[in-house]
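Derivation of every value follows stated rules applied to the coordinates shown; laboratory data play no part. The structure presented is a predicted model; accordingly, all values stated were derived computationally and were not measured. Every residue, glycine as well, gets a Cβ built from its backbone with ideal geometry; the counts of neighbours run over all protein chains shown.
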Amino acid sequence: MSRTVSSIACLLTLATLAMGCGYQPLGLAENHPSVGDSIIERDIVLCGENRFEVGEYVDNVFREDCRLTSRLKGWVESGPAVDGCPSCSEIYGLTVLDTEVEYFNGQIDQEESECNFGLAGGFGLAFAPVEQFPIDDSDGFFSWLNEHEPDEAAGTAVRYALTNWSPSGSSDWTARLGLFDSADPVPSIQDEDCEFESDREHFVKGFWYYNTQHLLKNSGAQYGSVRWKMDLVIED
């Protein structure tokens, strides 16, 4: 009897010790959340739409083969979003929410064409006064800023814009963008993503077009062109 009681007592003691002995999950210290892992809260002060119009010029008229449309949100960037812009008075970080692709004319293969490309998850955009653009860098662009009036704009450019985005495979392409006052209310202001009332509505257009091989044919190289446009609503 005493031996049985003693055995039970030993078993209880071992169980108690086993319950008291524990180990932390492997990697607990390495995976413990820190301040650097916290979600960054940003004040969204910009929303709008980005468009890449892919096509070609036929008899000096642009024929659009497809269009990539992306929704944008942006915030004021605390550091330089783009390089080489000491005169920039506004610098924004933009994020791309989604992209929709539309095809026109039945001119291209929807599976193989370069119409399937899109923006990265985000990019930088900065604005600077037209008069501070270094003219020696591009006389044609400076003239375009002061003379060109797009149909979507209310007059000539109010500023020029720089960005750190460039199309894949075109490392020699240089973005030249003009910032214009929008001629019409920007449709994006009606979007639920605009969490503020409109203060400024702008239209952005690229000066340079860049080439794409979406029209490449067996008979030889036939390159298309891509036009870059944006509608932006900015809160002051």
Based on other C-beta atoms within 10 Å, arrange THR95, THR212 from fewest to most.
THR95, THR212
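What's the local net charge at MET230, with K and R +1, D and E -1, over the other residues with C-beta under 12 Å away?
Numbers: positive: ARG51, ARG71, LYS205, ARG227, LYS229; negative: GLU49, GLU53, GLU152, GLU201, ASP231.
Charge balance in the 12 Å sphere: 0.
Kindly put HIS148, HIS202 in sequence by how many other C-beta atoms sit within 10 Å of each C-beta, fewest to most.
Numbers: HIS148 16, HIS202 23.
So the ranking, lowest neighbour count to highest, is HIS148, HIS202.
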